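Visitor: Take a look at this one; I'll ask things after.
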Amino acid sequence: MPAQRFTLRDFDFELPAQLIAQHPCAQRSASRLLDGRSQPLVDRIFHQLPDLLHSGDLLVFNDTQVVKARVFGEKASGGKLELLIERVLPGGHEVVAHMKVSKKPLPGARLHLCGGLQHGGFDATLLGRWPDADGPLFHLALHGPQEATAWQLMEQHGHLPLPPYIERQQASGHDPDAAEDGERYQTVFARQPGAVAAPTAALHFDAGVLAALQSKGVETASVTLHVGAGTFQPVKTEDLSQHQMHSEWYDIPLSTLAALERCRQRGGRVLAVGTTSVRTLESWAASGNTTGDTNIFITPGFQFQVVDLLLTNFHLPKSTLMMLVSAFAGYEHIQALYQHAIGQQYRFFSYGDAMLLQRQ
C-alpha cells in the first residue's frame, strides 16, 4: 500500500480492555518480550534481550525523568481545576500547562493550588494562552513561599501524571499516583527532570539486564526528550497530512554522537529504546540540530537514517506511535504482530509488555 494512501482508520484495532495493564509487572525484566524482528514471531521474556544483540551494538535510551506535574486546585470562585504542567520556562517561576476546568478563567485570574498560598500550597496568575492567544496551553506565573521554583512546588505538592488509561481512583475523587508508581513509573535511566510521561520501553530494564548487556559487549548511550502530554492526544483527521504533531524538547550530548560514530565505524547496530529515542535520533539526522524542539511526525514512507532496531511497548489504536512502528517495521508486519500479541494475551500500553522490531 503506497504511503500516501494510509488513513487514520488503517491504524485502528480492537483491544480487549483486560489487556490494558493497570499495574507494573512484579519485576521489571520479568515482563514479556515479543521478538518481532521477522517471521515467525517468538515469545520471550524481557531478560532474554541481551541474547538477541551482538557485541558492538549500541543501545540508546531516553534519560528523561517524569516530574510530579499534575496539580489540583480551584479558582477564586471555588470552581475546581486541574493543571498538567507541560514545561517550566527559563527562570523557573513561569510554566506552560494544560488546564481541566468547567469554565476557563480569564487572563489575570488568581488560582489557588493545593490549598493556596495561605493554606500551605501555592498560587498562580493566569497570564494568557500559549504560545499565543489561540494556543492550546495556558501560560501561568507561580507564587510559592520563599520564592520556591516550579520544580520545587511540583515535587512538594504534585502527583505523577499517569496516563488516562491507568486508573488509581481514590476516595478524594481524584485518581493520583499510588505508592508503587513513584518508583515503577520512572526508568532506571531517569536523570533529567521534565517529562509528563515515562519513556515506557525503558521501564523493563533493571541492573541484571544492564550487566548482561555490558558483558555481551553492547554499548549504551543516552539522549533526552521530555515527553509531553501530546503523546496521548488522539489523531482526529483521517488525512494524516492534516495532523499537527505536538512539540517536545530534546538534547543529544556529544558523548552520544561519539558513540554513534564508533558504532557506525565498527559495523554495529543502533537499538533505540522507545519511540522517543527514535524521534530524537531521527530529528537530529534530519535537521543537524543536537538540541531544540521537534515535532517530527513519522509515518509509513519515512526514510530512517540512524536507527536499526527498536524496542517499544504496544501502542494505542489510531495513535502517532502506531504510525511510527508501522513506518519502521512495515505496516503488514505490525498488523500481524499486534494480532499475535492480542491472541497471546500480551499486556498493553505503559505498564505492559515489550516488542523488539527490526527496520524493514
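The values are calculated or read from the model by the stated rules, or taken from the named source; none is laboratory data. All values reported here derive from a predicted model rather than from experimental measurement. Backbone-built Cβ (ideal geometry, glycine too); neighbour counts: all protein chains shown.
Visitor: Could we say that GLY208 is of a type in the set (Gly, Ala, Ser), under 16 Å from LEU59 (Cα atoms), part of a loop (DSSP other than H, G, I, E, B) and not assigned by TED's automatic domain parsing to the domain that holds TRP130 here?
Guide: No.
Visitor: For VAL325, are the conditions met, namely being of a type in the set (A, V, I, L, M), in contact with a Leu (Cβ under 6 Å, 6 or more places away or on another chain) and not in a strand (DSSP E or B)?
Guide: No.
Visitor: Here's another thing I want to ask about it. Kindly establish whether ALA195 is within 20 Å of SER31 (Cβ to Cβ), crowded, with 20+ Cβ neighbours inside 10 Å, small (Gly, Ala, Ser) and assigned by TED's automatic domain parsing to the domain that holds LEU316.
Guide: no
Visitor: In addition: Just give me the residues in segment 166-212 being over 26 Å from HIS47 (Cβ atoms) and at pLDDT 90 or above, in sequence order.
Guide: Selection gives GLN192, PRO193, GLY194, VAL196.
Visitor: For segment 179-188, state whether one or more residues are touching an Asp or Glu at 6+ places or on another chain (Cβ under 6 Å) and surrounded by fewer than 19 Cβ atoms within 10 Å (Cβ to Cβ).
Guide: The initial filter retains those residues of segment 179-188 that are touching an Asp or Glu at 6+ places or on another chain (Cβ under 6 Å), namely none.
No, segment 179-188 has no match at all.
Visitor: Of the residues THR237, THR149, THR220, THR231, which single one is buried (at least 20 other Cβ atoms within 10 Å of the Cβ) and either in contact (Cβ under 8 Å) with a residue 24 or more places away in the chain or under 20 Å from TYR351 (Cβ atoms) (or both)?
Guide: THR231
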